[in-house]
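> Encoded as structure tokens, here's the structure I'll be asking about.
The values are calculated or read from the model by the stated rules, or taken from the named source; none is laboratory data. Here the structure is a predicted model, which means the values were calculated and not measured. When we count neighbours, we look across all protein chains shown, and the Cβ atoms used for this are built from the backbone with ideal geometry, even at glycine.
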Amino acid sequence: MNKRKLIATIAVVGAAALALSACSSGSSSTKAAGKVTLTMWTGFTGGDRPGYAEIVKDFNASHPNIKVVQTVESWDTIEQKLPTAWLTGSGPDIAAPSSDPNVIANYVKTNSVLPIDTGSGTSKVNSTELAQAAVKELTYNGKLYAIPANFASLSLYYNKKMFTAAGLTPPTTVAEFEADAKQLTLGNGQTQYGLSLADNQTIQMWPILQWLTGGDIVNSAGCSVLSSAKSQAGLKTWADLVQNDHISPVGQTGAQADSLFAAGKAAMEMNGPWAASTYKAAGLDFGIVKIPTGVSGNVTLGSIAPLAISAKTKYPAQAQEFLAYYTSKTQQEKFSLTTGFPPLRTDMTSDTKLNNDATVKVFTSQLADARLYLPQLKNATQVDSNAYVTLIGQITRGTPVATATATATSTINSLTGCKS
């Protein structure tokens, strides 16, 4: 997992690939013999890639007059090429611009993306049935400018053997979560860690710990709330557990945290659906449950990658039809069963096939609880890297929480332009 980018599922492409892709993967829609060809760029290079390919395959088979051609590249390559390509009209008809949904704001500002036609019917995206946190994130000035290509939440993975040996069942409350992480740490973490936490190059885990104890990072005005009493208390609790009780190694990347759990050296880890296949391949006997209930109810972190239409596409109706098909019940059911991701839709909780899949069932049950990390926040990427990651690194290495949060607050407010 990477900082807001899930690097466990991303392959890095070198300069040679960039040069080749600039020549081969570009270009907009074509029409031959009455058949429209739409080009699409995505960064889905990981284990979930077959799920996206299956949607494209099914769409092409059921739409004889439209053909979608998907080109898969690294997120870094797409983020470098796409802004200019869409401005000049030489880019793809459809693209997942980044694994960070905040980038849609930049494309809206440059008039590079087309508003999505919402409503009912086979050529319209029924946005009311999509996860509303994702819809809100991709809506600007009252218009939806992208759909979520996926919407994953983090659940709690646990090592069944370790819990059985300790006579414990998976925690259901934040108090149990804290106690279990401490009890399941053996030999000051040298023998076994209670929880495998990452704090850099990862989809963020620490915001969940803050939310569970009533804290947060910023308010609706973009101002830091890290110095609030609840934020301070939550950060101190978990920083003490890491630093003093050694429940997790300090300074892990997402990949390191995953490896620690996969190797059977940690009792718990918060992770997304993409991790299940890796742990199965490692021969780990694990279970997955919802994130324990916090002081204000159920909450977890949600992660989406947007899928948008170029404002300069020659075939907006056909591109729109593909997005409507992409979000349909039939395709979302197939996608979930193929990848382990929950469906994008909230009206599929009674789907029998999905409920028979243990992984999909857990992640689907958390859709309504999922919160996005720094949604629609100005300079969110810099807030993450320059303030939040630095903060967690400091408090888990001995810097007093009050000191570290004061510094982070100053950095955040400077980046967001907070005037409070």
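> Quick one: is A146 outside the structural domain of G297 (by TED's automatic domain parsing), crowded, with 24+ Cβ neighbours inside 10 Å and at pLDDT below 95?
Taking the combined requirement at face value, the residue does not satisfy it.
> Sticking with this one: Do we have F163 as under 23 Å from G302 (Cα atoms), in the same structural domain as A263 (by TED's automatic domain parsing) and of a type in the set (A, V, I, L, M, F, W, C) here?
no
> If a residue has to be in contact (Cβ under 8 Å) with a residue 40 or more places away in the chain, farther than 21 Å from S296 by Cβ and either among the hydrophobic types (A, V, I, L, M, F, W, C) or in a strand (DSSP E or B) (or both) to count, how many in the range 168-194 make the cut?
3
> Mind counting the residues in the range 249-269 that are farther than 17 Å from L168 by Cβ and crowded, with 18+ Cβ neighbours inside 10 Å?
Residues flagged as farther than 17 Å from L168 by Cβ and crowded, with 18+ Cβ neighbours inside 10 Å within the range 249-269 amount to 8.
> Out of the residues in the range 167-187 meeting the condition of being among the β-branched types (V, I, T) and buried (at least 16 other Cβ atoms within 10 Å of the Cβ), tell me which one is nearest to A257 (Cα to Cα).
T185
> Moving on to the next point. Do you know which residues across the range 141-167 are part of a strand (DSSP E or B) and within 20 Å of the chain's Cα centre (by Cα)?
L144, I147, P148, A149, N150, F151, A152, S153, S155, L156, Y157 - these are the residues of the range 141-167 that are part of a strand (DSSP E or B) and within 20 Å of the chain's Cα centre (by Cα).
> So, P342, is that one within 18 Å of the chain's Cα centre (by Cα) and closer than 16 Å to S127 by Cβ or not?
The answer is no for P342.
> Return a yes/no flag: does the range 276-290 have any residue that is surrounded by 22 or more Cβ atoms within 10 Å (Cβ to Cβ), under 20 Å from the mean Cα position of the chain (by Cα) and part of a helix (DSSP H, G or I).
yes
> Inside the range 1-96, counting only strands (runs of 3 or more DSSP E) that do not spill past its ends, which hold 3 or more residues that are farther than 17 Å from Q331 by Cβ, at pLDDT below 95 and in the same structural domain as A324 (by TED's automatic domain parsing)?
Output list reads 30-32.
> Provide a single number: the residues in the range 379-403 that are at positive phi and small (G, A, S).
Selection size over the range 379-403: 1.
> Kindly establish whether L391 is part of a loop (DSSP other than H, G, I, E, B) and surrounded by 16 or more Cβ atoms within 10 Å (Cβ to Cβ).
Answer is no for this residue.
> Could you say which residue among T164, T191, T118, T110 is within 29 Å of L337 (Cβ to Cβ), surrounded by fewer than 19 Cβ atoms within 10 Å (Cβ to Cβ) and either at pLDDT 95 or above or β-branched (V, I, T) (or both)?
T118
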